[in-house]
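Following: one structure in structure tokens, then a few remarks.
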Amino acid sequence: MMLKGFWRLTWVETKVFVREPMGVVGTLVIPVVLYLMLGRTFGLNRATATAVPPFNIAILAALFIAIGAVLSLVAIISIYREGGILKRLRATPLSPVTILGSHVVVKLVFAVLSLGLLLLAGKQTFPGAMQVNIASFTAAVLLSTLSIISMGFVVASIVPTARFAQPIGAALTYPMVAISGLFFPVERMPGALQVIAKALPTTHAVILMEGVWDGSGWLAHWNNAAALILIAAVCVATSTRIFRWE
């Protein structure tokens with residue numbers, strides 16, 4: 001019965017997500033457009049070796065997939081809370097895990113769809129530039145997205161109103177990308193900033209995805225995968241304590 005309710009709620013949340021323009025655009029469109037624009041800017045094509053980009057554009061796009069999912073999650077949760085929907089859902093026989101878990105599943109499904117579009121666009125537009133183990137890279141992106149989404153639940157737990165959801169979410173997530181180590185090594189940052197960077201999921205996500213991309217694989221970066229899982233666990237535990245249903 002509980003599983004049936006979970007899938008019904010997941011289907012409802014999928015339709016809600018599709019009807020939310022910013023969620024669809026942020027998760028499905030922006031990462032692909034970003035990848036294509038930057039790829040053309042830097043002449044990304046390993047087959048002809050016309051240029052070497054200063055950072056991995058595909059990983060940047062993957063981070064934006066996760067950020068799009070987080071911003072959508074924060075917005076929807078805050079809208080539900082402000083509209084009393086969360087309170088009504090909480091009064092149903094569905095457990096909090098079922099209610100909130102459905103949001104996570106929807107975001108992960110669309111993250112996979114977005115990554116599929118990204119890889120397809122890359123293979124069609126930049127032949128030779130997407131030489132990566134797709135299954136392994138997808139797993140890395142999903143783990144990274146899950147860990148980053150867990151931070152989104154903490155933000156969603158404390159955002160006061162829907163009007164502030166997107167600005168607060170953006171103010172917290174975009175700086176995480178800037179200090180993730182994708183653009184310049186974390187070791188070159190000031191000491192205090194290094195500590196902050198190493199505590200964020202984006203930093204470990206970048207290292208893991210770069211490791212999968214260059215072929216060194218998961219075993220060489222098991223500590224970063226473990227860090228992503230640990231961060232997710234801490235954020236989930238925190239959000240369960242402070243989450244407001246109304």
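The values are calculated or read from the model by the stated rules, or taken from the named source; none is laboratory data. Just so it is clear, the structure is predicted and the values come from calculations on it, not from any experiment. Every residue, glycine among them, receives a Cβ derived from its backbone with ideal geometry; neighbour counts consider all protein chains shown. Only protein heavy atoms, including side chains, enter the accessible area calculation; ligands, DNA and RNA are left aside. Shrake-Rupley method; radii C 1.70, N 1.55, O 1.52, S 1.80 Å.
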Quick one: plug the Kirkwood hydrodynamic radius of the chain (C-alpha pairs) into Stokes-Einstein at 25 °C, 0.890 mPa s, and report D in µm²/s.
132 µm²/s
Among Ile59, Ile158, Ile67: highest mean-square fluctuation, GNM of the chain, C-alpha pairs under 10 Å:
Ile158
With a Förster radius of 41 Å, plug the Cβ-Cβ distance of Val109 and Ala199 into 1/(1 + (r/R0)^6) and report the FRET value to the nearest 0.05.
0.90
Relative contact order of the chain: what whole-number percent is it, with Cα pairs under 8 angstrom and at least 6 residues apart?
25 percent
Where a Cα-Cα gap under 17 Å defines reach, which aspartates and glutamates qualify for Lys198, not counting those fewer than 8 residues away within the same chain?
Glu187, Glu210
In region 173-227, which chymotrypsin sites (Phe, Trp or Tyr not before Pro) fall in coil by DSSP and have 14 or fewer other Cβ atoms within 10 Å?
Phe183
Between Glu187 and Thr238, take the C-beta separation as r, use R0 = 35 Å, and let me know the FRET efficiency to the nearest 0.05.
0.75
Report the Cα-based extents of region 134-192 along its three principal axes, largest first, to the nearest Å.
36, 35, 15
Can you give me the accessible area per residue for region 89-245, using a 1.4 Å probe, in Å²?
46 Å²
Taking the Cα atoms of region 118-246, what is the range of coordinates along each of the three principal axes, in descending order and whole Å?
50, 36, 23
